[in-house]
Amino acid sequence: MRPSRCLVGWTLDSYTGDPGLIPDAVDSYPFITIKPVQGTNDSSVVSKVSAAAYGYFRDDFQRRFVCKVSRRAPLINRGYYVRWRAVDHCIKLFLQVTAGCNRRQMLSLGAGFDSLYFRLHEEGVLEGVTVFEVDFPNVAQRKAALIRSDPQLKDWKPHLSHNSAGPLYASSEEYRLLGVDVREEGQVQQALSAAGFQWSCPTLLLSEVVLTYMETQESDRVIGWAASHLPESMFVMYEQIRPSDPFGRVMQSHFLKLNSALHALTSYPDLAAQRQRFLSKGWEQCECLDMNQFYLGLVDQQERSRVEALESFDEFEEWHQKCSHYFILTATRGSLATQALLSPPAATPIPPLNPQLAPVALRVFPLPGGGGDPGDPCHVEGLGMASALLEPHLLLVTGGFGRSGREAAVKVMVHDQGCWRLANVEVSADWGARLYHSMTAVPGWGALVFGGRSSPLKPFGDILRVTYDFGQRRESTAPSLTVNVALKEMECSGCLPQPRWRHTATLVRHKGQTLLFVFGGRTQLEPALADVHFLDVQTMHWTEVLVKGSPPIGRHSHSSVAYGDGAVMFGGLGAGGVPLGDTVLLKPTPEGFSWETLPVNPPVAPRYSHSAHVIGDKLVVVGGVWLQTEGVPGVAVIHLSTGASVEYDLDMASIPWPLMLHSFCSELLDPKRSEVMLIGGGGNCFSFGTHLNPRPVTVDLSPVLTQCASSVVVED
């Protein structure tokens, strides 16, 4: 049996929290029923404990409210760190601004099992401050029982009194724990007054993912009630935004499955709407930032470097999307109105940018023939895969991360009778599990695979030569069409590049030789590489080639496409964790190559984890992750002769699932190059589950080809 502090029992009929909080002897303690919304508190506490245990922040008290410490994934640890950091930033701002006041208050709405009071008391910052916590009676009763049964908490605060009848379940000079439904303003007001709450005293109200679980009219009433009753106050809220993009749809679906719908999202879907919400409910000033803006703008580089070194991490797309779907808000009234506001950073690496979209959207279609389930003849899913179009009607896909983990699978898609389907594949050797590798088609015989990783601790530096032949005649339409794929690890001479992943490898030409041009990527220790390597594909020798000019900064998850005898690179993620938006040409010279940055007008929004293709003199950039704008990237077209650019939105009405366009690969299909196939993509959506695009889709590029990007006026 677990320690007595865990024996706060409840029935499990609708429990949706973490099993680490479930006592051994549940049936012996039937007096509390956990509602679905209340269960989210339990899961959240376990995640906070995990982040604290791995050094993201210090909190020696949060773990007293769980039965065991469960390790969360690095992505979740980071997510709870930035939440903790943002809320702590605002609390310390309030304490600083009100330092000259004799009495101050904090009112935590829906406090759950948060350890805020204990942590702040240990830090010695609660002089003249009383902390009030309000939550459902069941939650407050459980929390009071845990405090009462824990020797460390009880002995640490010996003057803490308890009341089993409520609504004041625990009380001390600095701390009051009340069990009241936050939606019942009259009851809350009465209970607070009875507990010694001073309505004219400078007050911090704290709401961490609480109001969104209420019906919208109820949460609006709480916001308005607080504004009308607290003339000297600061409201701090941390919640979700952006419900309509693919990540937002997965997020909403997750909470609906938990019977804990996010009600206010549709009425207040973005930062501007949330700000106006508070201003319209009586608050005098309001500022809010999404968590990308907060983390990159208000957390200093030294602290970011400390956090980013705690665990191996390679979920950048998921991290940035999680941060773009949560925000921190401060609203103020009275003398606190100006001083206590969350101040947007004076200089930010992600300045606001809203691309002007072309009047026509590009249509996206699922490949015909199946519903995306594992029995679908075109079921190809996974993130971090690599693809190569070996023939116009033969597409090779390798590796990646799927529902069963890292994939060693090799898949071949063939085009027969007007549609694509998977062929049977016979592989000559074990590929091993790898993702974020490169696979470059070599005309005449197959492809070259370079790099990748099985985990952030195990990158690859090998070169694999891939060849193929058909087990049956290519003209056969039999379902048993077989493609034999042979794999050979090459012995290369010269100065070998260090093992890496998230790099690019592109065929270029120099003095009649075909070279594999490798740029960028990352390693376990180096977040963004800037080295250049050339492999002679005939001799398998890593050769030195002169490259003049100012080289581009280090990056990974960028794109590189053959252009003429050279290449054109775009975007990527830099060492500081900020997406790049530059267009860089590797141009042939008699001696070798030279770097040249192409000025683009209007500037293209920085992004990474996209794909790109050259069609004529146009660079077509598809998908990716960006931070500056609402929504998700569609297609950007950059004219490589003039530098003119056009952004296109994507019409996804024909796609029945959320289409995530990051960590995917793509290939141009038809001879006119007016259609691009997008294969794979998706990822872990924070704690909301993993979403993988279940089958390839195609994007109709005909408007790109018919509407010349050079029609955009570019001033000299």
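Here segment 580-716 is treated as a sphere whose radius is the Kirkwood value from Cα pairs; by Stokes-Einstein at 20 °C and 1.002 mPa s it diffuses with a coefficient of 132 µm²/s.
Only beta bridges with both residues in the chain are counted; by DSSP, about 75 percent of them are antiparallel. In this Cβ point-charge picture (+1 for Lys and Arg, -1 for Asp and Glu), segment 95-142 has a dipole of about 120 debye about its Cα centre.
Tell me the GluC sites (Glu not before Pro) within segment 188-279 that lie in a loop according to DSSP and have at most 16 other beta-carbon atoms within 10 Å. Provide the component values of the computation, followed by the final result.
Details: sites: E208, E215, E218, E232, E239; in loops: E215, E232.
Passing both the DSSP loop test and the Cβ count: E215.
When all protein chains stay in place and ligands, DNA and RNA are ignored, the 1.4 Å accessible-area order of S164, S438, largest first, is S164, S438.
Taking the three principal axes of the alpha carbon atoms in segment 219-261, the coordinate ranges are 40, 19, 12 Å, sorted in descending order.
Under 28 Å Cα to Cα from K488, which lysines show up? Leave out anything in the same chain fewer than 8 places away. List returned: K411, K458, K511. Taking only Cα atoms, what is the 0 to 90° angle, nearest 10, from helix 137-149's long axis to the longest principal axis of the chain? The helix 137-149 is inclined about 80 degrees to the chain. Placing unit charges on each Cβ (+1 for Lys and Arg, -1 for Asp and Glu) gives the chain a dipole about its Cα centre, and among V604, A358, L336 the Cα reaching farthest toward its positive end belongs to L336.
Contour minus end-to-end for Q190 and A272, with contour as 0.36 nm per residue of separation and end-to-end as the Cα-Cα distance?
Numbers: separation 82, 0.36 × 82 = 29.52 nm, distance 3.37 nm.
Roughly 26.1 nm would be gained on extension.
Alpha-carbon geometry of segment 325-461: the Rg and the Dmax are 23.4, 75 Å, given in that order. One Cα centroid belongs to segment 57-95, the other to segment 182-232; the line between them spans 24 Å. Close amide H contacts of L206 (hydrogens built in the peptide plane, cut-off under 5 Å, sequence separation of 5 or more or a different chain): L107, S108, L109, V236.
Less than 18 Å from a label point 7 Å out along the Cα-to-Cβ axis of S228: which backbone N atoms in segment 158-199 qualify, by residue? Backbone N within reach: 182-193, 199.
Against the main long axis of the alpha-carbon atoms of the chain, helix 36-53 sits at an angle near 70°.
Any idea of the accessible area per residue across the chain, 1.4 Å probe, to the nearest Å²?
On the way: 27400 Å² over 716 residues.
Per residue, the chain has 38 Å² of solvent-accessible surface.
Out of all Cα-Cα pairs in the chain, roughly what percent, to the nearest whole number, are more than 40 Å apart? Summing the P(r) of the chain above 40 Å gives 39 percent of all pairs. Cα extents for segment 149-270 along the principal axes, largest to smallest and rounded to whole angstrom: 51, 37, 23.
With the simple spin-label model, which puts each label point 7 Å out from Cα in the Cβ direction, the A361 to S161 separation comes to 6.2 nm.
Over all pairs of different C-alpha atoms, segment 422-522 has a mean inverse distance whose reciprocal, the Kirkwood radius, equals 15.2 Å. Remark: C-alpha extents of segment 235-373 on the principal axes read 64, 40, 39 Å, sorted largest to smallest. Our helix-only sum for the chain, with -39,500 (n - 2.57) per DSSP H run of n ≥ 4 divided by its residues, gives a mean residue ellipticity at 222 nm of -6000 deg cm²/dmol.
Each listed q (0.10, 0.13, 0.22 Å⁻¹) maps to a log10 I(q)/I(0) for segment 534-632, found by the Debye formula over equal Cα scatterers with no solvent: -0.30, -0.50, -1.22.
Relative to the Cα centre, the charge distribution of segment 408-517, modelled as +1 at Lys and Arg Cβ and -1 at Asp and Glu Cβ, gives a dipole magnitude of about 400 debye.
Where the eigenvalues come from the Cα gyration tensor of segment 298-341, what are the semi-axes √(5λ) of the equivalent ellipsoid, largest first, in whole Å? Provide the component values of the computation, followed by the final result.
Working: eigenvalues 192, 47, 7 Å².
Largest first, segment 298-341 gives 31, 15, 6 Å.
Residues of segment 623-648 falling in the label zone of N601, defined by backbone nitrogen less than 17 Å from a point 7 Å along Cα to beta-carbon, are 638-647.
Solvent-accessible area of the chain (1.4 angstrom probe, protein heavy atoms only): carbon and sulfur portion equals 50 percent.
Using a 1.4 angstrom probe with every protein chain in place, what is the largest-first accessible-area order of Y81, Y563? Walk me through the intermediate numbers first.
Numbers: Y81 0, Y563 60 Å².
Ranking Y81, Y563 by accessible area, largest first, yields Y563, Y81.
Straight-line cross-link reach from K322 at under 13 Å between alpha-carbon atoms covers these aspartates and glutamates, not counting any fewer than eight positions away in the same chain: E239, D245, D290. Taking only the alpha-carbon positions of segment 265-335 and ignoring solvent, what does the Debye formula give for the base-10 log of I(q)/I(0) at q = 0.22, 0.23 Å⁻¹? Values, matching the q order: -0.98, -1.02. Evaluated over the Cα positions of segment 296-404, the convex hull gives a direction-averaged projected area, one quarter of its surface, of 13.8 nm². With no solvent and one equal point scatterer placed on each C-alpha of segment 63-131, evaluate the Debye formula and give log10 I(q)/I(0) for q = 0.27 Å⁻¹, two decimals. Computed log10 I(q)/I(0) values: -1.38. Positive end of the dipole of the chain (Cβ unit charges, origin at the Cα centre): among P151, S305, A165, the Cα lying farthest that way belongs to P151. When the Kirkwood hydrodynamic radius is evaluated over all pairs of different C-alpha atoms of segment 476-599, what value in angstrom, to one decimal, is obtained? Answer for segment 476-599: a Kirkwood hydrodynamic radius of 15.8 Å.
Largest first, what is the accessible-area ranking of K511, K548, K587 with a 1.4 Å probe? Numbers along the way, then the final one.
Working: K511 155, K548 105, K587 80 Å².
Accessible-area ranking of K511, K548, K587, largest first: K511, K548, K587.
Net charge in the neighbourhood of G494 (other residues with Cβ under 10 Å of its Cβ; Lys, Arg +1, Asp, Glu -1) is -2.
The values are calculated or read from the model by the stated rules, or taken from the named source; none is laboratory data. All of these numbers come straight from a predicted model, not from anything done at the bench. Positions of Cβ are generated from backbone atoms using ideal geometry, with glycine treated the same way; all protein chains shown enter the neighbour counts. We work out accessible area using only protein heavy atoms, side chains counted, and drop any ligands, DNA or RNA first. Shrake-Rupley method; radii C 1.70, N 1.55, O 1.52, S 1.80 Å.
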